[in-house]
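So the structure is just underneath, and the comments pick up after that.
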Amino acid sequence: MSSASSVPPPPRLLWSRNFILSAVTNLFLAMVFYLLVTAMALYAVNEFQATDMLSGLAVSAFVLGAVVSRLVTGQAMEIIGRKRVLVTSLVLFLVASALYLVADGLGLLIAVRLVHGLAFGAANTVLATAVQGMIPPARRSEGTGWFGTSTTVGTALGPLLAFQLTDRFGFDSLFYLCTAFSVCGLVAGLVVRLPRAQHHQQVAGPPRFTVRGVISRRALPVSLVMLMGGLAYSGVLAFLNGYAQEQGISSTIASAYFMVYAVVLVLSRFVVGTLQDRHGDNAVVFPLLACFVAGMAVLALWPANGGFLVAAALCALGFGALLTSLQSVAATVVPPFQIGVATSTYFLMLDIGTGVGPVLLGALLPVTGFSGMFLMLSGFLLLTMLVYWFAHGRRSAVGPTAPSVPQ
């Protein structure tokens with residue numbers, strides 16, 4: 001329907017039943033992702049004697065699948081409906097989680113990883129899009145931040161559980177837990193009610209897939225900022241353990257990095273989103289980028305227990321809080337009917353950055369060393385501040401971006 005009366009009024013409550021269910025569904029997706037990404041390279045080497053390159057492919061195939069699915073999910077939601085895309089992708093996510101238990105070859109393992117990534121990218125995009133319609137417009141940044149906390153919890157608990165399970169019970173226990181989490185995610189996804197997407201009222205007939213609709217041109221500039229941020233933080237995800245070993249830092253401190261990261265990021269949710277809603281995007285994005293710059297510099301110049309933990313706190317603000325702050329920006333620079341494609345574009349750029357980053361940084365590592373790489377990334381993030389200014393900051397300085405009416 002295209003009449004104005006068919007558009008539901010904006011939500012008044014942030015912590016609604018459907019908002020909580022959406023966050024819970026996303027939590028189970030994130031837990032499975034981080035449980036597996038931590039252990040997959042080692043599993044490929046131990047179980048199938050994979051080379052370094054092929055073990056890396058076993059990890060990155062998931063990201064590749066997510067990138068491919070995000071290209072089409074934005075329009076698929078309009079064509080066949082959000083709930084159908086969500087349920088289909090969650091069922092596929094469950095099937096892929098169970099298939100690790102029977103994948104008896106490296107090629108089959110990589111294929112499962114690819115399918116798993118396809119399902120993850122689709123489900124995550126649907127949830128991240130639909131939740132924008134559950135958040136009161138005046139609390140857009142705050143609500144986006146709290147929804148992103150579900151991923152934050154997975155970031156912290158996933159690697160810790162993966163280490164404990166594989167050390168004590170072997171890799172099969174990890175796959176059983178992932179299957180159980182996938183069942184929980186499917187159950188939550190089945191009962192959540194997603195707001196309907198708005199369609200452009202001037203377009204006659206049902207929505208159709210178009211190549212131009214794959215990428216949101218309005219959301220692309222700010223999404224490129226997140227691509228750069230994702231590339232920088234991929235250096236931490238891929239090389240922090242190796243850096244810690246080189247510097248003689250215990251694995252306990254390396255694991256504590258992610259716990260400190262998660263705690264600081266959760267605490268930041270009480271402040272950052274509200275500040276952005278009240279004072280505009282630049283009031284938080286520039287300080288968060290400055291924290292990111294400082295966090296990488298601390299990693300490079302203070303390779304000690306204290307340095308790792310301080311860097312974790314700074315990177316939690318610099319990358320974790322920035323991720324949801326810029327997602328909120330991407331949702332406000334487009335009309336309501338384009339939020340799905342804008343969200344897909346945003347996470348597509350993030351996936352590309354985190355997927356390509358380890359390859360590029362790994363090639364530079366023999367030249368720069370770990371400390372030099374992190375110092376280089378600190379300088380790279382200074383450039384990111386400039387890119388943000390031209391992508392969005394100079395317009396935000398003129399006046400706050402009006403929140404789009406939720407879908």
### Query
Any idea what the dipole of the chain comes to, in debye rounded to 20, about its Cα centre with Lys/Arg Cβ at +1 and Asp/Glu Cβ at -1?
1520
### Task
Go ahead and estimate [θ] at 222 nm for the chain from helices alone: -39,500 (n - 2.57) per DSSP H run with n ≥ 4, summed, over the residue count, rounded to 500.
-26000 deg cm²/dmol
### Task
Just name one of Q49, A316, T149: the one whose Cα is farthest towards the positive end of the charge dipole of the chain (beta-carbon charges, Lys/Arg +1, Asp/Glu -1).
T149
### Task
Can you find, among L64, F171, T129, the residue farthest towards the positive end of the dipole of the chain? Put +1 on the C-beta of Lys and Arg, -1 on that of Asp and Glu.
T129
### Fluctuation leader among I339, I79, I20 - the chain, Gaussian network, Cα springs under 10 angstrom
I79
### Message
For L386, L220, L350, which order do you get if you count the other beta carbons within 10 Å of each Cβ and list the fewest first?
### Response
L386, L220, L350
## Note on the structure
Between V271 and A363, the two model label points (7 Å from Cα along the beta-carbon direction) sit apart by a distance in nm of 4.0
### Query
Which of M40, M376, M349 moves most in a GNM of the chain, Cα contacts under 10 Å?
M376
### 10 Å Cβ shell holding at most 15 others, DSSP loop, chymotrypsin sites (Phe, Trp or Tyr not before Pro): longest site-free stretch of the chain
16-208
### Query
From the backbone phi of the range 351-367, what are the Karplus-calculated ³J(HN,Hα) couplings (6.51 cos²θ - 1.76 cosθ + 1.60, θ = phi - 60°) in whole Hz, Gly and Pro given as x?
4, 4, x, 6, x, 7, x, x, 5, 5, 5, x, 5, 7, 4, x, 8
### Message
Take the chain, mark every one of the trypsin sites (Lys or Arg not before Pro) that falls in a DSSP loop and has at most 10 other Cβ within 10 Å, then report the longest stretch left between them, sites excluded.
### Response
209-407
### Summary
Full extension between Q247 and D167 adds, at 0.36 nm per residue less the Cα distance, a length in nm of 26.4 nm
### Task
Could you calculate the FRET efficiency of S16 with A283 from 1/(1 + (r/R0)^6), where r is the beta carbon distance between them and R0 is 45 Å, rounded to 0.05?
0.95
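Where a number appears in this text, it was derived from the coordinates with a stated rule and is not lab data. Computed from a predicted structure; not experimentally measured. Cβ: placed from backbone, ideal geometry, glycine included. Neighbour counts: every protein chain shown.
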